[in-house]
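The values are calculated or read from the model by the stated rules, or taken from the named source; none is laboratory data. Note that this is a predicted model, so its numbers are computed, not measured. Note: ideal-geometry Cβ built from the backbone for every residue, glycine included; neighbour counts use all protein chains shown. In case anyone asks, the SASA skips ligands and DNA or RNA and just uses the protein heavy atoms, side chains included. Shrake-Rupley method; radii C 1.70, N 1.55, O 1.52, S 1.80 Å.
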Amino acid sequence: MNFRFPVIVIDEDFRSENISGSGIRDLAQAISSHGFEVVGYTSYVDLSAFAQQASRASCFILSIDDEEFGSGSAAEVDKALAELRNFVKEVRKRNADIPIFLYGETRTTRHVPNDILRELHGFIHMFEDTPEFVAKHIIREAKKYLDALAPPFFNALMDYASDGSYSWHCPGHSGGVAFLKSPVGQMFHQFFGENMLRADVCNAVDELGQLLDHTGPVAESEANAARIFNCDHLFFVTNGTSTSNKMVWHSVVAPGDIVVVDRNCHKSILHSIIMTGAIPVFLMPTRNHYGIIGPIPKSEFSPAAIAKKIEANPFARNAKNKKPRILTITQSTYDGILYNVEEIKQELGSTIDTLHFDEAWLPHASFHDFYHNMHAIGKDRPRSEDTVVFATQSTHKLLAGLSQASQILVQNAQNRSLDTHRFNESYLMHSSTSPQYAIIASCDVAAAMMEPPGGTALVEESLMEAIDFRRAMRKVDAEFGDDDWWFKVWGPDELPDEGLGTRDNWTLHAKDSWHGFGAIESGFNILDPIKATIITPGLNLHGQFDEQGIPAAIVSKYLAEHGIIIEKTGLYSFFIMFTIGITKGRWNSMVTELQQFKDDYDQNLPMWRVMPEFAKKQPRYEKVGLRDLCQQIHNMYRKSDVAKVTTEMYLSTIETAMTPADAWAKMAHREIERVSIDEIEGRVTAMLVTPYPPGIPLMVPGERFNKTIINYLQFTRAFNSAFPGFETDVHGLVREAVDGEVKYFIDVVKE
Ligand SMILES: *Cc1c(COP(=O)(O)O)cnc(C)c1O
């Protein structure tokens, strides 16, 4: 493989017609003659800006000579040294290993302070050795650096793919050759490129090791990632955290076991409950009237509170073993609420066998002190006495993993360790026997990228960008003043003027009014700044509607039409994330697009002008003004008091009629029927019922419909018929046209 990692030379004389210029050009020439690209910069001003290049270079060569040191006066020398020191510091903040060389004619190491010298790989004294000799030395160091970059599996995969040997094993496209035999196949091949296809191999290739048995280079990479993430074991998973969750669950839960689950959990956890035949008792998170899900109050974690829930549940109450097998919580909710894990561990003691944190949105937390104790497993974190801790993380959501890249982290207890051999039976139960090797490689690389100091710098950058975005939004707000409207970013009232601020700035306190979660325990939770929930005008934190409003659904459709895709949209809120892929360009475009929206809204421009694609699909809105449309939808929300309806439905008492697995069995055996939503009160759902927004499951199979939930479903029907194109999707609902009218049904258990 030929990679492009140029040698970067920074020398004021690089293009000068003098002795020093010709010296450095001779060296560059000698390096190039060995096949290494050289890029020369002549500006010594703002040296630290070049530090950004550390991720694409193979080494740096910096001149320190008279030109760089100006007149040579003490002040100018100090200034040049300060530049140099800053550069070295900036490079080393991200990259501990890239070689840095200094060279000069008149200056020597004597002129350079120790704190700089110790970060260097050499000092080249021009004209003492031949350019050829110096070039070889530099190339050796650059090569050594590049050779050590790739982690074990990725390295082996590159070797294999570039080896060019013929293979008889699957996949059938034989390193991409099959695609070349047809025009559309050619197109596919050219689009994805040779390497992607050559690296798409099957698990018959011995030299790459086996994901399913965790052997060879795969195992080395998993061990490497375990070291980087500070856990006892780490397993790569190529089918997403949906699968990681099922693997963890199936390894410890059997039919009839009691499990304790965050009611605000991902559907894969509910699928796990169904698949294992467990009896769930739920921990209830708080909610505010924006529809933002808050923390589960700390009191819910006390063993006494859990025991009480078990006694209140008709199935759990009669279980043979009352000790819960597992407790799963969503660590980082969609809106970025985190729990203090050490407090949870202390509260629970040894009352639960296995603690599982669904950290789909939190793989970055290990790498920055800001998150200390606010994630499941990491450096200097005490072991529980008897409880094994699992964390499942979607590498692809916030780190640099391909879609479906995920990992399971394990921390052993003092008195109990994971038996990896047994655990793997569950791993196998949920794995494809043909894992995608590009995904394994991306798990490997994503972990290697996070190795400190680089990983810490990346997380720090995301945090800073996220906070700068909040500051930028506040500045716009301040400029519009009190008489005009602007979008708010949900979060603490006080933003630090500069930098990240302290942890306390982001902590949820009982007395704070910004979060709207009531009198929760101070310090138990923080808000992860990298998730920014943007609030649109029209609804306040108490669930009261203003005269005028801008439903988030319209803003997010508007943004989509302008090339900005939103992850999740609520009633009057939507959220964006600052992943390690974020750039200043991206979030600044968000600010400007929102300004554009405001402008179009204030002028009430017609939909055909501001959202032409949408208006074409939904001609009924073509001539409606943007502000008028917002107002129409707002009025309907307001009339139905939908914020309260939604909050109440999630907090309403839902009766359990059968276990989720029993309800599922009814479905498998077709002992269910499709009933209109007007006639389902008291009936038992056979389906998961999940409204989007917010995408949090509302009902689990086996639960009875209550009046509050039916109200909401009826509202959804009315809303969808009034505003086509803005439909609220409720997964589990069946929409069917009966005699020209759209009717809503749900599959319930036969009585
Ligand atoms: C996305 C998500 C998952 C599932 O992760 P995938 O990698 O998409 O399978 C699990 N839990 C939570 C909380 C999630 O947000």
Complete set of residues in the range 412-463 that are within 17 Å of the chain's Cα centre (by Cα) and closer than 19 Å to S244 by Cβ:
I439, S442, C443, D444, V445, A446, A447, M450
Only one of D483, D504, D468 is within 17 Å of P529 (Cα to Cα), exposed (fewer than 14 other Cβ atoms within 10 Å of the Cβ) and not assigned by TED's automatic domain parsing to the domain that holds T395. Can you tell me which?
D504
Residue by residue through the range 130-143, note down the ones that are of a type outside the set (A, V, I, L, M, F, W, C) and surrounded by 14 or more Cβ atoms within 10 Å (Cβ to Cβ).
P131, E132, K136, H137, E141, K143
The residue from L402, L428 that alone is within 21 Å of D213 (Cβ to Cβ) and at pLDDT 95 or above is L428
Which of the residues belonging to the range 172-188 are of a type in the set (S, T, N, Q) and at positive phi?
S174
Return the total of residues in the range 356-373 being within 16 Å of the ligand (Cβ to nearest atom) and under 16 Å from the mean Cα position of the chain (by Cα).
9
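Condition check ((1) of a type in the set (D, E, K, R); (2) modelled with pLDDT under 95; (3) surrounded by fewer than 24 Cβ atoms within 10 Å (Cβ to Cβ)) across all residues:
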{"residue": "I326", "(1), (2), (3)": "no, no, no"}
{"residue": "E342", "(1), (2), (3)": "yes, no, yes"}
{"residue": "E359", "(1), (2), (3)": "yes, no, no"}
{"residue": "P363", "(1), (2), (3)": "no, no, no"}
{"residue": "D380", "(1), (2), (3)": "yes, yes, yes"}
{"residue": "R383", "(1), (2), (3)": "yes, no, yes"}
Requiring at least 2 residues that are surrounded by fewer than 20 Cβ atoms within 10 Å (Cβ to Cβ) and in contact (Cβ under 8 Å) with a residue 12 or more places away in the chain, the helices (runs of 4 or more DSSP H) wholly within the range 586-692 are 612-617, 626-639, 642-651, 660-668
Out of all the residues in the range 209-230, which are assigned to a helix (DSSP H, G or I) and without any contact (Cβ under 8 Å) to a residue 40 or more places away in the chain?
A219, E222, A223, R227
Any residue in the range 164-179 that is touching a Lys or Arg at 6+ places or on another chain (Cβ under 8 Å), open to solvent by less than 50 Å² (accessible area, probe 1.4 Å) and not hydroxyl-bearing (S, T, Y)?
yes
Could you check I710 against (1) in a strand (DSSP E or B); (2) touching a helix residue (DSSP H, G or I) at 6+ places or on another chain (Cβ under 8 Å) and say which number it fails?
(1)
In the range 500-520, the residues that are part of a loop (DSSP other than H, G, I, E, B) and farther than 21 Å from T647 by Cβ:
L500, G501, T502, H509, K511
Restricting to the range 236-292, name every residue that is touching a Pro at 6+ places or on another chain (Cβ under 7 Å), more than 16 Å from the ligand (Cβ to nearest atom) and farther than 23 Å from P303 by Cβ.
G277, G291
Here the qualifying pairs (Cβ atoms under 7 Å; residues six or more apart or on different chains; first in the range 563-582 and among the basic types (K, R); second in a strand (DSSP E or B) and surrounded by 20 or more Cβ atoms within 10 Å (Cβ to Cβ)) come out as K568/F574; K568/F575
Mind checking which pairs have a first residue in the range 314-336 that is within 16 Å of the ligand (Cβ to nearest atom) and a second that is open to solvent by less than 20 Å² (accessible area, probe 1.4 Å) and small (G, A, S), Cβ under 7 Å, 6 or more apart or different chains?
Q331/A376
Looking only at the range 278-292, and only at residues there that are touching a strand residue (DSSP E or B) at 6+ places or on another chain (Cβ under 6 Å) and open to solvent by 10 Å² or more (accessible area, probe 1.4 Å), the one that is farthest from Q331 (Cα to Cα):
I279
Looking at this structure, is F123 at pLDDT 85 or above, of a type in the set (F, W, Y), open to solvent by 50 Å² or more (accessible area, probe 1.4 Å) and within 27 Å of K79 (Cβ to Cβ)?
yes
Could you please give the count of residues in the range 377-403 that are within 13 Å of the ligand (Cβ to nearest atom) and either in contact with a Pro (Cβ under 9 Å, 6 or more places away or on another chain) or aliphatic (A, V, I, L, M) (or both)?
9
Would you mention how many residues in the range 254-265 are open to solvent by 10 Å² or more (accessible area, probe 1.4 Å) and modelled with pLDDT under 95?
1
From the list R422, R416, which residue is of a type in the set (K, R), away from the ligand (no atom under 16 Å from the Cβ) and not in a loop (DSSP other than H, G, I, E, B)?
R422
Within the range 428-461, the count of residues that are in a helix (DSSP H, G or I), out of contact with any strand residue (DSSP E or B) (no Cβ under 9 Å at 6 or more places or on another chain) and open to solvent by less than 20 Å² (accessible area, probe 1.4 Å) comes to 7
I'd like to know if the range 231-243 contains one or more residues that are within 30 Å of A96 (Cα to Cα), in a strand (DSSP E or B) and among the β-branched types (V, I, T).
yes
Residues of the range 693-735 satisfying the condition of being within 21 Å of L270 (Cα to Cα), among the acidic types (D, E) and surrounded by fewer than 19 Cβ atoms within 10 Å (Cβ to Cβ)
D729
Can you pull out every residue in the range 43-74 that is modelled with pLDDT of 85 or more and either surrounded by 20 or more Cβ atoms within 10 Å (Cβ to Cβ) or of a type in the set (A, V, I, L, M) (or both)?
A54, A57, S58, C59, F60, I61, L62, S63
